[in-house]
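Structure first, commentary second.
The values are calculated or read from the model by the stated rules, or taken from the named source; none is laboratory data. Being a predicted model, the structure only gives us computed values, none of them experimental. FYI the Cβ positions are ideal-geometry reconstructions off the backbone, even for glycines, and counts take in every protein chain you see. Just so you know, the surface numbers come from the protein's heavy atoms only, side chains and all, with ligands and any DNA or RNA stripped out. Shrake-Rupley method; radii C 1.70, N 1.55, O 1.52, S 1.80 Å.
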Amino acid sequence: MIRNPISGVSTTNDSTKKRRKPLLYRFIRRAVQIIYPKISVEGAEHLPEDGCILVGNHCHMHGPITSELYVPGRHTTWCAAQMMELKEVPPYAYQDFWSGKPKAFRWFYRLLSYLIAPLSVLIFNHAYTIPVYHDQRLITTMKQTVAELEAGSRVMIFPECYEPHNQIVYKFQDRFIDVAKHYYKRTGKIVSFVPTYVAPNLKKMFFGEPVAYDPAQPIAAERVRIAAAMMDGVTALAESQPEHVVVPYPNMSSKHYVTSKGRPAARQPERDYRKLRPGNLTSPEYRHLLLLLGWIVYFIAYFLTENLIPPERCHPIHSALDDLIPFHELFVIPYTFWYALIVISLLRFLLYEVDSFRNLQKFIIITQLVAVIVYVLYPSRQDLRPDHFTRDNLLTRIMGFIYAFDTSTGVCPSLHVAYSLGIASVWAKSKLAKPGTKVLICLLCGLISISVCFVKQHSIVDVFAAIPLGLLAELLVFGRSWYWPRLKRLVRRA
């Protein structure tokens, strides 16, 4: 007896009795268990107590991995025999996995198909698998499957071919149903087929209502009936869940995936910018792009304030806390990433959330306008930059370059911090961004705001001065649309 490492159920598979699994295989299996997302099982009550055949969607390697790790109880999986024989792995793997790749990269995938061959043989010959042959050795597949069913095993089969059936599954090959005939002939028992749906994006595996083989009917009729019932069962399981991305059987680019409702899974831009012309720039569809003109106005104002206000007229900004903060070149990384974050955020919202683009650009324009007015009325500078760097490396050289083109005037309030507040605010209110992305962006904006002090581009006073500036922009941009409706709801509840 051995114990299934996932289900905890004792099993007596002949294949697992032979000898202890190789150390490398055990290491790989354990690594996959740790790295692969935890899959929850729903509908286990539909599984017969005796041996049965689970019929599911392949969804690349998610199906076999989920079957190996998470099917409850004693189980085994049909596996293409070519993936278990060293000489046959490369041609089969290339044809099945990568033949549709761009021609320029196919040489790489041909090489990869040879590199994975030893690993494939190791894994599939020691996992709970039954080799599936398509020649005279098919009888071996049938005998092993019947033996597993007799022992009470749940046999997992992924029979999809390359012909689409619907948005959920590709058509099922139906010759696997002959197992039921062989099983009945040997034991006199009727085996049931259970539709199984693997949904990696939901991190779930679903089992549907079983369909029993009818030995009184011709096998040809049973193939058609059961295959159709399995495809319909898998489809029904998928459609009963919230809309999610379906991983298809063929190895295709994720941009071609669809959801369980048949809609394209890849997010589509809100506006078709291919139709943008100078003549329709002021149309409602593209009018938001005019907000980018704010950058031109700001850069002109920045150039004038930097060059027309001499440093001796600027008020030095300093705090005792500045003397306690050392220069550290590692903070050059978040400081300089701020530039990329602005571009990434604006482009992302420009494509997928135009309202968020408007809000972020308005936030930036307000902070730019107020900051420039402050720089003119109260010119400021900081004298915190080190005379020399104690270390000479790429980061200090980058910082030296920034010092050269960005003068130490016009520093209070810090636009680095003010923009970061706006970016964090708009991302946090995004309807499409995932919670983890929102948290990451907010933490990054916080790190950027701290970095300005450690690279000696700003005094801590500049950082705190940017906070009321950010709050002003926040209220002007989101006061009516975001805060006021929520405040009214709170008042009503009270």
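Given all pairs of different Cα atoms, what value in angstroms does the Kirkwood hydrodynamic radius of the chain take?
Radius from the Kirkwood sum: 27.9 Å.
For SER408, what residues show an amide H to amide H distance below 5 Å, using hydrogens built from the backbone and excluding near sequence neighbours?
none
In angstroms, what radius of gyration and Dmax does the range 415-486 have, counting Cα atoms only?
So, for the range 415-486, Rg and Dmax equal 13.2, 41 Å respectively.
What order do LEU293, LEU432 take when sorted by accessible area (1.4 Å probe), most exposed first?
Reading off the accessible areas and sorting them downward yields LEU293, LEU432.
Given Cα pairs under 8 Å that are at least 6 residues apart, what percent is the relative contact order of the chain?
13 percent
Antiparallel DSSP bridges in the range 60-188: what percent, to the nearest 5?
The antiparallel fraction comes to roughly 20 percent.
Where does each of 262-272, 369-379 land if you order them by average Cβ count within 10 Å, highest first?
So the order, starting with the most tightly packed, is 369-379, 262-272.
Over the alpha-carbon set of the range 81-154, work out the extent along each principal axis and list the three values in angstrom, largest first.
Here the Cα extents, ordered largest to smallest, are 49, 23, 20 Å.
In the range 279-369, if every C-alpha pair distance is counted and binned at 10 Å from zero, what percent goes to each bin?
Taking every Cα pair in the range 279-369, the percentages come to 13, 29, 32, 19, 6, 1.
What's the carbon and sulfur percent of the range 425-474's accessible surface, probe 1.4 angstrom, rounded to a whole number?
81 percent
At 0.36 nm per residue, and after removing the present C-alpha to C-alpha distance, how many nm does the segment from SER99 to LEU304 gain when stretched out fully?
Residue separation times 0.36 nm, minus the Cα-Cα distance, leaves 67.9 nm.
If I compute solvent accessible area with a 1.4 Å probe over the protein chains, what percent of it on the range 155-274 is carbon and sulfur?
50 percent
Would you please give the residues with an amide H less than 5 Å from that of ILE130, counting only those at least 5 places away or on a separate chain, with H modeled from the backbone geometry?
Those lying under 5 Å, H to H, from ILE130 are THR77, TRP78, CYS79.
Describe numerically, in nm with one decimal, the distance between label points set 7 Å from Cα along Cα→Cβ at ALA220 and at MET252.
Placing both labels 7 Å along Cα→Cβ, they lie 3.3 nm apart.
What are the ³J(HN,Hα) values, in whole Hz, obtained from phi via the Karplus relation 6.51 cos²θ - 1.76 cosθ + 1.60 with θ = phi - 60°, for each residue of the range 33-41 in sequence order, with x given for Gly and Pro?
For the range 33-41, the Karplus curve yields 4, 6, 7, 5, x, 5, 9, 9, 10 Hz.
Once every Cα of the range 215-329 carries one equal point scatterer and solvent is ignored, give the base-10 log of I(q)/I(0) from the Debye formula at q = 0.15, 0.17, 0.24 Å⁻¹, two decimals.
Calculated log10 I(q)/I(0) at the listed q: -0.95, -1.03, -1.26.
With a sphere of radius 14 Å drawn around the Cβ of GLN95, what net charge do the other residues whose Cβ falls strictly inside it have (Lys, Arg +1; Asp, Glu -1)?
Here the count lands on +1.
To the nearest 10 Å², what's THR140's accessible area with a 1.4 Å probe?
Per-residue accessible area (THR140): approximately 60 Å².
Between PHE389 and TYR109, take the C-beta separation as r, use R0 = 51 Å, and let me know the FRET efficiency to the nearest 0.05.
Working from the Cβ atoms, E equals 0.65.
Could you check the simple spin-label distance between ASP272 and TYR133, using points 7 Å along Cα→Cβ, in nm with one decimal?
Result: 5.6 nm between the two label points.
For the range 356-421, what class follows from the C-alpha gyration tensor (a ≥ b ≥ c being the square roots of its eigenvalues): rounded when a/c is under 1.5, otherwise prolate if a/b is larger than b/c, else oblate?
Oblate.
Once the whole set of protein chains is in place, how much accessible area is left on VAL258, using a 1.4 Å probe, in Å² to the nearest 10?
VAL258 has an accessible surface of roughly 40 Å² with all protein chains in place.
For THR140 and LYS434 in one chain, what is 0.36 nm times their gap in residues minus the Cα-Cα distance, to one decimal in nm?
100.9 nm
Of the DSSP beta bridges with both residues in the chain, give the percent that are antiparallel, rounding to the nearest 5. Present the calculation step by step, with values, prior to reporting the outcome.
Numbers: 14 of 34 bridges.
DSSP beta bridges in the chain are roughly 40 percent antiparallel.
How large is ³J(HN,Hα) for each residue in the range 146-155, as worked out from phi by the Karplus curve 6.51 cos²θ - 1.76 cosθ + 1.60 (θ = phi - 60°), to whole Hz, x for Gly and Pro?
4, 4, 5, 5, 4, 7, x, 7, 9, 9
Tell me, in nm to one decimal, what length is gained between ALA228 and ARG186 on full extension, where the rule is 0.36 nm per residue of separation less the Cα-Cα distance? Intermediate values should be presented prior to the final figure.
On the way: separation 42, 0.36 × 42 = 15.12 nm, distance 2.56 nm.
In short, 12.6 nm is gained.
Of all trypsin sites (Lys or Arg not before Pro) in the range 17-109, which ones are in loop regions per DSSP and have a Cβ with at most 12 other Cβ atoms within 10 Å?
Values: sites: LYS17, LYS18, ARG19, ARG20, ARG26, ARG29, ARG30, LYS38, ARG74, LYS87, LYS103, ARG106; in loops: LYS18, ARG19, ARG20, LYS38, ARG74, LYS87.
For trypsin sites (Lys or Arg not before Pro) across the range 17-109 that sit outside H, G, I, E and B with at most 12 neighbouring Cβ atoms in 10 Å, the list reads LYS18, ARG19, ARG20, LYS38, LYS87.
Distances longer than 25 Å among the Cα atoms of the range 353-489: what percent of all pairs is that?
35 percent
As a test of reading the structure, rank CYS314, CYS161 by solvent-accessible area (1.4 Å probe, protein chains only), most first. List each step's numbers first, then the result.
Values: CYS314 10, CYS161 35 Å².
In descending accessible area the options line up as CYS161, CYS314.
In terms of modelled amide H atoms, which long-range or inter-chain residues lie less than 5 Å from the amide H of VAL258?
So VAL258 has HN proximity to VAL246, ALA265.
Could you work out the relative contact order of the range 389-494, using alpha carbon pairs under 8 angstrom and six or more residues apart, expressed as a whole percent?
This gives 34 percent for the range 389-494.
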